[in-house]
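Mind looking over this structure? Questions follow.
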Amino acid sequence: MGATAASSKSSLRHPYLDWWGLAEAPFQLEPNPRFAFPRNDHREGLARLLFGLTQLGGIVAITGEVGCGKTMLARELERTLADDGFALAIASNPPRTASGVLGALLASVDSDARGGGAGRLAARLRERLGEQREAGGQPIIIVDEAQRLDLRALDEMRLLTNPGDAPAIPVVLLGQPELSTHIKRLPQVAQRVVVRYHMGAMDQSEVSAYIQHRVRVAGGTRRMFSRRAEEAAHTQTGGIPRLVNLLCANALFVGYVRGESQVGEDLLLDLADERDNIDGTVA
């Protein structure tokens, strides 16, 4: 099975990587902590997360537009906390309902998780995380794409931060800007939020550094995008990391097809024009 998987993976390698002298694709859309770029938003966001979780408790809420890097931040947080011995219950793209998100969190820490109502699931989640606390791991709950949660589910997250009959459990909520709107509708939840942070887009200098960083991590040893191409990448994507990845991945492939030795501004603008002609929107 291992040999088959390795063979399948090697068969997916495209000649364009060899053309550019890359060991792997630098602009994949799937978040990969190895490619994490230390942009200012990430450094400050991660620092605020850790401060809120370790010093304040309660709820930490991180918001940002689609594609701005929230999931990458969540992966960095998970890796940092796991390395420090924290016990994590994680739900990504959770169900909307209270019982749904609680069931997903419980399943992440209990392989024998079964269904039930929200109250029962919350009690079992507290019990499992309490066991991990006794074993030396500080429990923390992380919910990515938390804007999906309905109001009752959000209130259940608040209840988990209450001491009650068991120690309080800090909660991290990462989501699109509408998460803030949902929280404001529930004053009891809003009052429990100890840290709020909104992740913005990258500026011009960050986009240039981001492109060069990902190329280096992928094995590149030279500048593959001209400075004007990097400027065009920022202009055409608004500095949203996911859109930069999409545009630059296409640019490397088309550059290979055209036999280019470097991705230039004209190539980037050609791709942007093609994109806009297809759907009339920014990528």
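Restricting to segment 109-122, and then to whatever is open to solvent by less than 60 Å² (accessible area, probe 1.4 Å) and in a helix (DSSP H, G or I), can you tell me which residue is nearest to Phe86 (Cα to Cα)? Write out each step before concluding.
Initially, segment 109-122 is screened for residues open to solvent by less than 60 Å² (accessible area, probe 1.4 Å), giving 109-110, 113, 115-119, 121-122.
Then drop every residue that is not in a helix (DSSP H, G or I), which leaves 118-119, 121-122.
Values: Ala118: 25, Gly119: 25, Leu121: 21, Ala122: 19 Å.
Per the stated criteria, the residue is Ala122.
Could you check how many residues of segment 144-164 are part of a helix (DSSP H, G or I), of a type in the set (Gly, Ala, Ser) and more than 22 Å from Cys68 (Cα to Cα)? Before the answer, list the steps.
Looking only at segment 144-164, we keep the residues that are part of a helix (DSSP H, G or I), and these are 146-148, 151-160.
From what is left, the residues that are of a type in the set (Gly, Ala, Ser) are 146, 153.
Restricting the remaining residues to those that are more than 22 Å from Cys68 (Cα to Cα) gives 153.
Adding up the residues that qualify gives 1.
Name the residue that is farthest from Asp18 (Cα to Cα), counting only residues in segment 237-256 that are in a loop (DSSP other than H, G, I, E, B) and out of contact with any helix residue (DSSP H, G or I) (no Cβ under 7 Å at 6 or more places or on another chain).
First, the residues of segment 237-256 that are in a loop (DSSP other than H, G, I, E, B): 238-240.
Of the ones still in play, those that are also out of contact with any helix residue (DSSP H, G or I) (no Cβ under 7 Å at 6 or more places or on another chain) are 238, 240.
Values: Gly238: 30, Ile240: 27 Å.
Within segment 237-256, the match that is farthest from Asp18 (Cα to Cα) is Gly238.
Suppose the filter is farther than 22 Å from Leu46 by Cα and open to solvent by 40 Å² or more (accessible area, probe 1.4 Å); does Ala135 pass it?
Working: farther than 22 Å from Leu46 by Cα: yes; open to solvent by 40 Å² or more (accessible area, probe 1.4 Å): yes.
Considered against the rule, which asks whether it is farther than 22 Å from Leu46 by Cα and open to solvent by 40 Å² or more (accessible area, probe 1.4 Å), Ala135 comes out as yes.
Checking Gln147 against (1) surrounded by fewer than 16 Cβ atoms within 10 Å (Cβ to Cβ); (2) touching a Leu at 6+ places or on another chain (Cβ under 8 Å), which test does it fail?
Of everything listed in (1) surrounded by fewer than 16 Cβ atoms within 10 Å (Cβ to Cβ); (2) touching a Leu at 6+ places or on another chain (Cβ under 8 Å), Gln147 misses just condition (1).
Is at least one residue of segment 69-83 outside any helix (DSSP H, G or I) and modelled with pLDDT under 80? First the steps, then the outcome.
Initial filter on segment 69-83 (outside any helix (DSSP H, G or I)): 69.
Next, from what is left, pick out any that are modelled with pLDDT under 80: 69.
Within segment 69-83, one or more residues are outside any helix (DSSP H, G or I) and modelled with pLDDT under 80.
For Gly259, state whether it is within 11 Å of Trp20 (Cα to Cα), more than 25 Å from the chain's Cα centre (by Cα) and buried (at least 17 other Cβ atoms within 10 Å of the Cβ). Please lay out each step first, then the result.
Numbers: within 11 Å of Trp20 (Cα to Cα): yes; more than 25 Å from the chain's Cα centre (by Cα): yes; buried (at least 17 other Cβ atoms within 10 Å of the Cβ): no.
No: the conditions fail for Gly259.
Can you tell me how many residues in segment 99-124 are of a type in the set (Ser, Thr, Tyr) and at pLDDT 85 or above?
At the first step, the residues of segment 99-124 found to be of a type in the set (Ser, Thr, Tyr) are 99, 108, 111.
Checking which are at pLDDT 85 or above leaves us with 99, 108.
Going through segment 99-124 one residue at a time, the tally reaches 2.
Among the residues of segment 17-34, write down those that are more than 12 Å from Gly69 (Cα to Cα) and open to solvent by 30 Å² or more (accessible area, probe 1.4 Å).
From segment 17-34, those more than 12 Å from Gly69 (Cα to Cα) are 17-28, 34; that's our starting set.
Within segment 17-34, Asp18, Trp19, Gly21, Ala23, Glu24, Gln28, Arg34 qualify.
Among the residues of segment 35-43, are any within 19 Å of Val193 (Cα to Cα) and exposed (fewer than 15 other Cβ atoms within 10 Å of the Cβ)? Walk me through it before giving the result.
Step one: list which residues in segment 35-43 are within 19 Å of Val193 (Cα to Cα), which gives none.
No, that holds for no residue.
What do you reckon, is Pro177 open to solvent by 20 Å² or more (accessible area, probe 1.4 Å) and free of Cβ contacts under 8 Å to residues at least 12 places away in the same chain? Working first, answer last.
Values: open to solvent by 20 Å² or more (accessible area, probe 1.4 Å): yes; free of Cβ contacts under 8 Å to residues at least 12 places away in the same chain: no.
It is false that Pro177 is open to solvent by 20 Å² or more (accessible area, probe 1.4 Å) and free of Cβ contacts under 8 Å to residues at least 12 places away in the same chain.
What's the total number of residues in segment 150-167 that are open to solvent by less than 40 Å² (accessible area, probe 1.4 Å) and of a type in the set (Gly, Ala, Ser)?
2
Output the number of residues of segment 59-73 satisfying the condition of being in contact with a Pro (Cβ under 8 Å, 6 or more places away or on another chain) and surrounded by 18 or more Cβ atoms within 10 Å (Cβ to Cβ). Show your work before the answer.
Quick first cut of segment 59-73, residues in contact with a Pro (Cβ under 8 Å, 6 or more places away or on another chain) only: 59-60, 63-65, 67-69, 71-72.
In the following step, the residues that additionally are surrounded by 18 or more Cβ atoms within 10 Å (Cβ to Cβ) were identified as 59-60, 63-64, 67-69, 71-72.
The total comes to 9.
It is to be established whether one or more residues within segment 113-128 are more than 16 Å from Gly100 (Cα to Cα), more than 27 Å from the chain's Cα centre (by Cα) and free of Cβ contacts under 8 Å to residues at least 60 places away in the same chain.
Yes; the residues of segment 113-128 include at least one that is more than 16 Å from Gly100 (Cα to Cα), more than 27 Å from the chain's Cα centre (by Cα) and free of Cβ contacts under 8 Å to residues at least 60 places away in the same chain.
Residues in segment 91-108 that are within 16 Å of the chain's Cα centre (by Cα) and either surrounded by fewer than 19 Cβ atoms within 10 Å (Cβ to Cβ) or small (Gly, Ala, Ser) (or both): how many?
Of all residues in segment 91-108, those within 16 Å of the chain's Cα centre (by Cα) come to 91-94.
Among the residues that remain, those that are also either surrounded by fewer than 19 Cβ atoms within 10 Å (Cβ to Cβ) or small (Gly, Ala, Ser) (or both) are: 91-93.
The number of residues fulfilling the criteria is 3.
Taking into account only those residues within segment 186-228 that are of a type in the set (Val, Ile, Thr) and out of contact with any Phe, Trp or Tyr (no Cβ under 8 Å at 6 or more places or on another chain), which is surrounded by the most Cβ atoms within 10 Å (Cβ to Cβ)?
Initial filter on segment 186-228 (of a type in the set (Val, Ile, Thr)): 189, 193-195, 207, 211, 215, 217, 221.
Next cut, out of contact with any Phe, Trp or Tyr (no Cβ under 8 Å at 6 or more places or on another chain) only: 189, 193-194, 207, 221.
On the way: Val189: 22, Val193: 18, Val194: 18, Val207: 26, Thr221: 9.
By that ranking, first place goes to Val207.
Shifting gears a bit: Looking at Ala82 and the list (1) open to solvent by less than 50 Å² (accessible area, probe 1.4 Å); (2) within 17 Å of the chain's Cα centre (by Cα); (3) free of Cβ contacts under 8 Å to residues at least 60 places away in the same chain, which single condition is not satisfied?
(1)
The values are calculated or read from the model by the stated rules, or taken from the named source; none is laboratory data. Small disclaimer: the values here were computed from a predicted structure and weren't measured. Using ideal geometry, Cβ is built from the backbone for each residue, glycine included, and neighbour counts are taken over all protein chains shown. Just so you know, the surface numbers come from the protein's heavy atoms only, side chains and all, with ligands and any DNA or RNA stripped out. Shrake-Rupley method; radii C 1.70, N 1.55, O 1.52, S 1.80 Å.
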